[in-house]
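Please treat every number below as a calculation from the coordinates, not as lab data. Just so we're clear, the structure is a prediction, and the values are computed from it rather than from any experiment. Don't worry about glycine lacking a Cβ; one is built from the backbone with ideal geometry, like all the others, and counts go over all protein chains shown.
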Amino acid sequence: MATGRSSTDSTPLRENRLAKEKSPYLLQHAKNPVDWYPWGEEAFQKAKKENKLIFLSVGYSTCHWCHVMASESFDNPETGKILNDNFVSVKVDREERPDVDKIYMTFIQSTRGGIGWPMNVWITPDLKPVVGGTYFPPDEQAGVPGFPTLLQRVAKMWEEQHEVVSKQGTMIIDALTENTALTLADKNLPGAEAVKKCYEQLEESYDKQYGGFGQAPKFPQPVNFSFLFHLNAKDPDTETGKNALTMTLHTLRMMAKGGVYDHIAQGFHRYSTDRYWHVPHFEKMLYDQAQLAVSYANAYQITKDDSLGDIAREILTYVSRDLSDKSGGFYSAEDADSFPTTDSERKKEGAFCVWTGAEIDKLLSDTVPGHDSVKLSQVFNRHYGISQGGNVTFEHDIHGELKNQNVMIIRGSIENTAKDVGLSVDVTKDTLAKCREILFSERLKRPKPHRDEKMISAWNGLMMSGFAKVGQVTGESEYTERAVKAANFIKEHLYDEKTGQMLRICYAGEPGTVIQSDSPIQGFLDDYAFLIQGLLDLYEACFDDTWLEWAAQLQRKQDELFWDTNDAGYFMVADGDPSIVIRMKEDQDGAEPNGNSVSAINLLRLSNYFNNKEWKDKAGSLFKVFAERLDKIPVSLPLMVSALLFYQGTTKQIIIRGDRDADDVKEMLRCVHSVFIPNKVVIFADGNQDSCLYKSLEVLPTLEKLDGKATAYVCENYSCQLPVTSVGELKKLLAAK
């Protein structure tokens, strides 16, 4: 088997061009024997001059299989020589350049059916794909040639038939352009059938026993939760509405009990390798934490179940502690892989998180205070399914990295555990909390996994929403304050006030400092859409309308840069980059929501705040552009279906008129935030005639406080019901259909 450089090899490693980059992923490859180039004109010109194919390899720094292929192939001098002799090799961080990733992943999906990273594609000097795949093993497996053999075959194909291959690349690009085009044409606005079908498609794939949608691997899917919560709010008394809520709450509770949730250090891992939510892929992504914080906050808002609210808080505890920069930004991710001990030479997946039964017994060998016959380990092992031989099966550990290890999972309840170990429920809760503290302290002694300290505008916008939403629902000001800090960070480091444009990314420097690339990457659609959503959520948490005004400015700039003036909808990228061979529109809500889906909701919210019919009409055009997808496979766009529900329904404009710091105003706002109403905008009217809201909404100057008290106006199309001054009366208005 081909292997990487030996840990005992004393030959100094020569750095390649990637050493000058800021991306943690590119820097991981800076000492490969491969003559890597970053994506850019230097590589393209070399390929044209030497008439060589470009070998494009795309991944990200916390990608497990990217690490595997790097170790097996890119660290191997012989493989490096084949690449250097025959190709111009280019590395791309997919989180820096989602536009590049999207084009070539669409090619992979259309030709091979599956997607994943690392993604490896051979493209012509004019950037057209001809051959590609994901992970390639170093040696032949199941009839698939090893990577070095494949490299030589592709090189020979290009040498002998490069004109034919070039034409093939042109045909592929033409076909992809045609197949991915989303046009307005004469499409009708999707109706109730799209909503019904989305629900039916989710229900069909729902796992009634363990929650979630589909079998293994099983991913958290916050976009599904958003749609189902919205559907329940629309029809809470119907069988469909009730079942939508049941599916969502059961899934969220099972996820929180499973090993996909980190019971020791909080936060969610990327996905579960099994249908039980037990053995995760241990990577932690910022965008998952952001969206799931909102999902659990919504679930708490609907149910008033403290355990769901606690999970939302714990997610934010993890992000504040482990993914936050002192400057106010949020880091991107933590790796799945780490060294098991400080003396280890090879990283293993999950090493930072898992435990042997012997470790648990040793660390938790004390007895429960006041109960000398019960050890801490007895209580902990019972509650979290700890086994002396480990609780991970071979089926979910084919590489043997988790042999004899335990991944914590709760199969029962606190009440069950208390009964089994002969303790009261309160003593059991306290005991488990003490055990988790002991294990958390012990875990900090282990080598930590790599942390990707890129700070991405889009993901920071999502995380801002997470903090703002939890701040709204819990009424705990520290979460709102953290969201404000994030907004200030983005405005300072990722926004150009002169041009009104966003940057995609910046990087952590020395503690508390931020650095930019020598060639800053301009923001993509998601960077605008997710930030606008975050600013709207932040406004409804703190009611500082400067955030609302900035959101409107960004929406106008987004419309200018990304709107398809011929066929409607938003492109992923602004026009003008010659290296982007197809200007695409994202057409799926995945691990990250689709920028068009988020934009549809943003446009509807902004149209209400600023009484702007053009923005509402834009949202309507968006639905028409995606009409075919919404009619046939709406489950691929559940967040856009949720936006469609918003569009089809009547928006509640909830206006609180009063003095900003008055107690009665705070009580009114607590009442508003205690109810889940997806079709709402909340406006605070303090009488400031110079604010953007008073200038935009003719109704605001007409609304007064009654009897000097905080006064609530609940309106539809700015036709308001009789004002109320008590929380009880406001609750009745909010509950009314």
If the reach is capped at under 20 angstrom between alpha carbons, list the lysines near LYS257, excluding any in the same chain fewer than eight residues apart.
LYS208, LYS218, LYS284, LYS304, LYS419, LYS429, LYS434
Quick check: Cα centre of segment 398-439 to Cα centre of segment 678-699, how many Å?
50 Å
Would you calculate a helix-derived [θ] at 222 nm for the chain, using -39,500 (n - 2.57) for each DSSP H run of n ≥ 4 and dividing by the full residue count, to the nearest 500?
-15000 deg cm²/dmol
Please work out the Cα center distance from segment 540-605 to segment 134-185, rounded to the nearest Å.
32 Å
Kyte-Doolittle at least -1.0, axis length at least 30 Å by Cα - qualifying DSSP helices, the chain:
147-180
Give the aspartates and glutamates whose C-alpha is closer than 19 Å to that of LYS705, dropping any in the same chain fewer than 8 places away, or say none.
ASP659, ASP661, ASP663, ASP664, GLU667, ASP686, ASP690, GLU729
Take peptides 44-53, 361-370 and line them up by average Cβ neighbours within 10 Å, highest first, as a rough protection proxy.
44-53, 361-370
Farthest towards the positive end of the dipole of segment 211-324, among LEU323, ALA216, ALA233 and with Cβ unit charges of +1 on Lys and Arg and -1 on Asp and Glu, lies the Cα of ALA216
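Suppose the chain between THR565 and THR650 were pulled fully straight at 0.36 nm per residue; how much longer would it get relative to their current alpha carbon spacing? Walk me through the numbers before you get to the answer.
Numbers: separation 85, 0.36 × 85 = 30.60 nm, distance 2.81 nm.
Taking THR565 through THR650 to full extension adds about 27.8 nm, to one decimal.
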Once the other residues with Cβ under 12 Å from the Cβ of ASN404 are scored (Lys, Arg +1; Asp, Glu -1), what is the net sum?
-2
Under 4.7 Å Cβ to Cβ, no partner at all: give me those cysteines from the chain, in residue order.
CYS198, CYS353, CYS435, CYS506, CYS542, CYS671, CYS692
Which three semi-axes in whole Å describe the equivalent ellipsoid of segment 652-735, each the square root of 5 times a Cα gyration tensor eigenvalue, listed largest first?
18, 15, 12
Considering only C-alpha atoms, what is the centroid distance from segment 611-675 to segment 459-538, in Å?
22 Å
For segment 652-735, share of DSSP beta bridges that run antiparallel, in % to the nearest 5:
60 percent
Place a point 7 Å from the Cα of GLU667 in the direction of its beta carbon; the residues of segment 457-501 whose amide N falls under 18 Å from it are 475
Nothing charged except the Cβ atoms of Lys and Arg (+1) and of Asp and Glu (-1): what's the magnitude of the dipole of the chain about its Cα centre? Round to the nearest 20 debye.
580 debye
Which pairs, out of LYS347/LYS403; LYS187/LYS632; LYS632/LYS680; LYS616/LYS680, put more than 21 Å between their alpha-carbon atoms?
LYS632/LYS680
Starting with the highest mean, order 431-437, 68-74, 668-674 by the number of other Cβ atoms within 10 Å, averaged over the residues of each peptide.
68-74, 668-674, 431-437
For percent of Cα pairs over 53 Å apart, several values are listed as (i) 16; (ii) 7; (iii) 12; flag the one computed from this structure.
(iii)
Can you tell me which of 553-565, 460-472, 132-144 comes out highest on packing, and rank the rest after it, using the mean Cβ neighbours within 10 Å?
460-472, 553-565, 132-144
Charges only on Cβ, +1 for Lys and Arg, -1 for Asp and Glu: so what's the dipole of segment 17-180 about the Cα centre, in debye to the nearest 20?
180 debye
Quick check: from the Cα gyration tensor, does segment 476-537 come out rounded (a/c under 1.5), prolate or oblate?
oblate
Cut-off under 16 Å on the C-alpha distance; same-chain residues fewer than 8 positions from LYS709 excluded. Which lysines are left, in chain and number order?
LYS666
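Within the chain, what percent of beta bridges assigned by DSSP are antiparallel, to the nearest 5?
Bridges in the chain are about 75 percent antiparallel.
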